[in-house]
1. Restricting the search to the range 5-39, which residues are outside any helix (DSSP H, G or I) and either modelled with pLDDT of 65 or more or surrounded by fewer than 17 Cβ atoms within 10 Å (Cβ to Cβ) (or both)?
2. Filter the range 203-249 for residues that are among the basic types (Lys, Arg) and surrounded by fewer than 20 Cβ atoms within 10 Å (Cβ to Cβ); which is nearest to ALA32 (Cα to Cα)?
3. Inside the range 215-236, can you point out the residues that are within 21 Å of ALA149 (Cα to Cα), among the charged types (D, E, K, R) and assigned to a loop (DSSP other than H, G, I, E, B)?
4. Can you tell me which residue in the range 40-85 is surrounded by the fewest Cβ atoms within 10 Å (Cβ to Cβ), limited to those that are among the polar types (S, T, N, Q) and within 24 Å of ALA135 (Cβ to Cβ)?
5. Hey, can you tell me all the residues within the range 68-85 that are under 16 Å from the mean Cα position of the chain (by Cα), touching a residue at least 40 places away in the same chain (Cβ under 8 Å) and within 17 Å of GLN103 (Cβ to Cβ)?
6. Mind counting the residues in the range 107-122 that are modelled with pLDDT of 95 or more and farther than 22 Å from HIS54 by Cβ?
Amino acid sequence: MSDRHFDQLATRFAEKIYGGAKGAIRLAVLQADLLEVLPERPLRVLDIGAGLGHMSLWLAERGHHVTLAEPAAPMLEGARQRFVDAGQEATFIQAPWQELLGQLTEPYDLVLCHAVLEWLAEPHTILPVLHQLTAPGGWLSLAFYNRDALVYRNLLKGHFRKLRNNDMAGEKQSLTPQQPLDPRELAAQLEGVWQVESQSGVRVFHDYMPVEFQSRVELAQLLDMELAHRRHPAFAGLGRYLHWICRPL
């Protein structure tokens, strides 16, 4: 298994991830969590695996100085165009995470690593790099594909053979991540290096709703309910993604 990039899937990524309610929920939860902790002053922000730049643009529009790092040229070009259209400036780096320490000379106040770990051959290997790139007293915004949610989804579908075979990877050209993360294993890898200050579930109920119910509900109400339940003790762990805000120790 090797790290997965999205050179040929930029358009499909945009449509599937951010073309509907799923992307709107994801952005709403990430943004709400960050608004709770970030100070008013401008921050130096690094977005690793920035994709099409949705989160980076949101931060740039709030006065932060943003650097986007993305290995897939089509994705980075899409992000660049998004910034141009919005009249915002940023620094754009086409590079995988393995090359960032050789190109960046100072750590950042805020590092975003959203939906990256689950596409890596060895997700734990990026963690020391994230620590070096985050300034003392800074923040790491870490969002990852939740293995528990995938197991639960397969249970609901009766895919018991897949579960017995531990078959969690998506198809080769699928946008289902190849390496969902067990949150307990990740927490153990962060222990002693990071303090996890907040934890939220992303799409804690939407993906389990029958399709006919998804199509009926108003987006504004859906967002309100997802935000209201993102930290509920019974539901947060069912989020399709988990969002942890961490501080370096």
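The values are calculated or read from the model by the stated rules, or taken from the named source; none is laboratory data. Values in this document were obtained by computation on a predicted structure and should not be read as measured data. As a convention, Cβ positions derive from the backbone with ideal geometry for all residues, glycine included, and neighbour counts pool all protein chains shown.
1. We begin by selecting, within the range 5-39, every residue outside any helix (DSSP H, G or I); these are 5-9, 19-20, 38-39.
Passing the criteria: HIS5, ASP7, GLN8, GLY19, GLY20, LEU38, PRO39.
2. Filtering the range 203-249 for residues among the basic types (Lys, Arg) gives 203, 216, 230-231, 240, 247.
Keeping just the survivors that are surrounded by fewer than 20 Cβ atoms within 10 Å (Cβ to Cβ) gives 216, 231, 247.
Working: ARG216: 25, ARG231: 12, ARG247: 17 Å.
Ranking the qualifying residues of the range 203-249, first place goes to ARG231.
3. Correct list: ARG230, ARG231.
4. Of all residues in the range 40-85, those among the polar types (S, T, N, Q) come to 56, 67, 81.
Next, only the ones that are within 24 Å of ALA135 (Cβ to Cβ) stay: 56, 67.
Working: SER56: 27, THR67: 20.
Looking at the filtered set, the residue picked out is THR67.
5. PRO71
6. 1
Yes or no, residue by residue, for (1) farther than 21 Å from VAL29 by Cβ; (2) touching a residue at least 60 places away in the same chain (Cβ under 8 Å):
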| position | (1), (2) |
| --- | --- |
| LEU100 | yes, no |
| LEU117 | no, yes |
| LEU120 | yes, yes |
| LEU127 | yes, yes |
